[in-house]
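The structure appears right after this line, and notes come after that.
The values are calculated or read from the model by the stated rules, or taken from the named source; none is laboratory data. Everything quoted here is computed from the prediction, not taken from an experiment. Positions of Cβ are backbone-derived with ideal geometry, glycine not excepted, and every protein chain shown enters the neighbour counts.
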Amino acid sequence: MKVVPTQLPGVLVIEPRVFSDARGFLFESHNRRAFRDATGIDAEFVQDNHSYSVRNCLRGLHYQIQQAQGKLVRAVTGKVFDVAVDLRRSSPHFGKWTGVELSAVSKRMVWIPPGFGHGFYVLSDFADVLYKSTDFYAPPHERTVLWNDPKIGIDWQLKDKPILADKDKNATPLAAAEVYP
């Protein structure tokens, strides 16, 4: 596995070692020991999530203020632009974002540590996104920062008006959001 740092310390692109031949391919999508050895992070994943979304769907920016989740994210069909935003007020990178394209073709994954908001925008006709989480989903602690907050300034690579859930349309601007210390 190859680990590629992003401009936000802690957010990592993971490029798995893929074994391909005439039959297709095989790769380890997660191996705790290999992940720990390559990243220095010994994450214990407790929940797997699967999201199916259509073209122009934008999900995010989601996080849990308590039971903060680290996430290992990958697209198993289609292509998405995946975004992480540092929501730790004490961080020198507070309010900064990074984005990476994830696709079934590239097989790349992204590690988003606890303390970051997460979202993605679907670039293909549809996409299946899988992510492993280090803590359980806790609806009372779920928060959403406004996806198009100009203070963050994410370039979502929009091709059309995004399809949004009500919670994403009505999300809180970063200046008023409950964030991590």
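Select from the range 61-100 the residues that are basic (K, R) and more than 22 Å from D135 (Cβ to Cβ) and list them in ascending order.
Taking the range 61-100 as the starting set, the residues that turn out to be basic (K, R) are 71, 74, 79, 88-89, 96.
K79, K96, listed by residue number.
Take the conditions (1) in contact (Cβ under 8 Å) with a residue 24 or more places away in the chain; (2) assigned to a strand (DSSP E or B); E101 misses just one of them, which is (1).
A quick yes/no check of all residues on (1) more than 20 Å from S124 (Cβ to Cβ); (2) modelled with pLDDT under 95; (3) not aliphatic (A, V, I, L, M):
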site	(1), (2), (3)
G10	yes, no, yes
V13	no, no, no
R32	yes, no, yes
F35	yes, no, yes
D42	yes, no, yes
C57	no, no, yes
T77	no, no, yes
D82	no, no, yes
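Checking each residue in the range 23-38 for being over 17 Å from A104 (Cβ atoms) and aliphatic (A, V, I, L, M) picks out A34, A38. If only residues of the range 5-41 that are among the polar types (S, T, N, Q) and outside any helix (DSSP H, G or I) are counted, the one that is farthest from K132 (Cα to Cα) is S20.
Out of the residues in the range 62-98 that are assigned to a loop (DSSP other than H, G, I, E, B) and among the hydrophobic types (A, V, I, L, M, F, W, C), which is farthest from A165 (Cα to Cα)? So that I can check it myself, show each step before the final result.
If we filter the range 62-98 for residues that are assigned to a loop (DSSP other than H, G, I, E, B), which is where we start, we get 65-70, 78, 87, 89-96.
Now restrict to residues that are among the hydrophobic types (A, V, I, L, M, F, W, C): 65, 68, 87, 94.
On the way: I65: 20, A68: 22, L87: 21, F94: 25 Å.
Here the residue is F94.
Going through the range 95-118 one residue at a time, which ones are farther than 19 Å from W147 by Cα and polar (S, T, N, Q)? Within the range 95-118, S103, S106 meet the criteria.
The condition of being within 23 Å of Y137 (Cβ to Cβ) and either in contact with a Cys (Cβ under 9 Å, 6 or more places away or on another chain) or surrounded by 20 or more Cβ atoms within 10 Å (Cβ to Cβ) (or both) holds for only one of R88, R74, R32, that being R74. Residue count for the range 130-152, restricted to those that are more than 19 Å from Q64 (Cα to Cα) and touching a residue at least 40 places away in the same chain (Cβ under 8 Å): 1. Taken together, the criteria place L72 among residues that are among the hydrophobic types (A, V, I, L, M, F, W, C), under 14 Å from G119 (Cα atoms), modelled with pLDDT of 95 or more and in contact with a His (Cβ under 9 Å, 6 or more places away or on another chain).
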